[in-house]
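The structure appears below as structure tokens.
The values are calculated or read from the model by the stated rules, or taken from the named source; none is laboratory data. Keep in mind it's a predicted model, so treat the numbers as computed, not measured. Reconstructed Cβ throughout: ideal geometry from the backbone, glycine too, with neighbour counts over all protein chains shown. To get the accessible areas, we keep the full protein, side chains included, count just its heavy atoms, and leave off ligands, DNA and RNA. Shrake-Rupley method; radii C 1.70, N 1.55, O 1.52, S 1.80 Å.
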Amino acid sequence: MSDSSAYRVETTSRLAQWRIDNLASCSYRKSGPFKMGNWNWHLSVEKHRLLFVKLFPERSNITKDNPPIASFIVRVVTSVGDRRTTFTHPEITDKQLKNNDDFVWAIEVPLAGKFIIDIEFLDLKIASSDGRQPCSIWADRLTEKRSNATALASLGQMLTDGIHTDTRINASDGSIGAHRAVLGARSPVFHSMFSHNSKVSSIDIPDMSIEACRAFLNYIYGDIEHEDFLKHRLALVRAADKYDIFDLKEACHESLVEDIDAKNVLERLQNAYLYELPKLKTSCMRYLVRFGKIYDIQEDFNSLLQCADRDLIADIFHEVLDAWKGF
């Protein structure tokens, strides 16, 4: 391992990972900077009788004026010979980090062998300037920016109040009134449908629940709430692909990349393959292979291999062969 790579922290989505091949030759090591949220961060390790792991933001004007209020999970994975052991710190919630002593974890681990230090950032907040509760920097990105114009408020009211609706959308467990002109303007698929048959009075979408369908229409009308967007992202990306709504598909794509974790990575990988979401596919592959998370979900991963598309399985194994350098 080169000198520079020994200090490099790899990042993907909200996960940071530092691989240390050997601490035998030194008692203290500080990582190079890595970007997460608005801040540059560092990790450091110091060994005495125990191993001390620290996480802290880099000193800067940003840190001074708006120190991060972080929620995160820290894991240390040790490998000595064929033995691999994982230590997990209890979840840290809403802890303000300014200095390099604000988070210190003293852990009793073998001081020989290889180490992986994982930081899974659950949230990053900054203090509110008006004294209200701290707000997440990840809370409101793509969707609210699309809903600011006054005209969108009127469109939302048209949908909510059912003003002059001229078609109905039939979901699996209910129906909603809508407007052919709005649907046709937002989707070439709907536009073609109405152009070929001007008397279409309803559209069946049997693979969507009424809640997901309402979120889909709210996005089309520019009136979606961020919480609804997050809750129904997978259903929305399927609908966006089916009805050729490119901006919705991209909004879902970018959002799904941001919070990959062990519980959702396999489902998202399959959806990335099915709906041609290359950035999400790459991020899921890196999470599983480069960051070694296959070890944490082996049973679920084995189940995936029994039912997944052959091309996806081949892609996974190619990624393993090309990039796997773990323990």
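Normalised by the number of residues in segment 146-236, the average gap of Cα pairs under 8 Å and 6 or more apart makes the relative contact order 32 percent.
Rounded to the nearest 20, the Cβ-based charge dipole of segment 33-118 about its Cα centre (Lys and Arg +1, Asp and Glu -1) stands at 220 debye.
Estimated at 0.36 nm per residue, the fully extended path between residue 48 and residue 262 surpasses their Cα-Cα distance by 73.8 nm.
For segment 210-296, the residue among 234, 270, 221 whose Cα projects farthest onto the positive side of the dipole built from Cβ charges is 270. Taking amide H positions as modeled 1.01 Å from N, with prolines and chain starts lacking one, the residues under 5 Å from residue 138 and 5 or more places away or on another chain are 124. For the chain, the solvent-accessible area works out to 52 Å² per residue, with a probe of 1.4 Å and every protein chain left in place. Along segment 29-37 the Karplus relation, 6.51 cos²θ - 1.76 cosθ + 1.60 evaluated at θ = phi - 60°, assigns HN-Hα couplings of 8, 10, 6, x, x, 9, 8, 8, x Hz to successive residues, with x for each Gly and Pro. Placing unit charges on the Cβ atoms only, positive for Lys and Arg and negative for Asp and Glu, gives segment 231-327 a dipole magnitude near 120 debye about its Cα centre.
Here the chain is assigned +1 on the Cβ of each Lys and Arg and -1 on the Cβ of each Asp and Glu. Its dipole about the Cα centre then comes out at about 880 debye. Relative contact order of the chain: 12 percent, from C-alpha pairs under 8 Å at least 6 residues apart in sequence.
Roughly how many percent of the accessible protein surface of the chain is carbon and sulfur, given a 1.4 Å probe and a whole-percent answer? Exposed carbon and sulfur together represent 47 percent of the surface.
Dividing the summed -39500 (n - 2.57) terms of all DSSP H runs of n ≥ 4 by the residue count of the chain sets its mean residue ellipticity at 222 nm at -10000 deg cm²/dmol. Of the peptides 195-208, 54-67, 212-225, 116-129, the ranking by mean beta-carbon count within 10 Å, highest at the top, reads 212-225, 116-129, 54-67, 195-208. Only one residue of 92, 51, 113 has its Cα farthest out toward the positive end of the dipole of segment 16-116, where Lys and Arg carry +1 and Asp and Glu -1 on Cβ, and that residue is 113. Checking the cross-link pairs 30/249; 64/114; 125/281; 95/242; 95/249 against a 32 Å limit on the alpha carbon distance flags 30/249; 64/114; 95/242; 95/249 as lying beyond it. Computing Rg and Dmax of the Cα atoms in Å directly from the structure and comparing it against [x] 23.8, 79; [y] 18.4, 61; [z] 18.1, 50 singles out [x].
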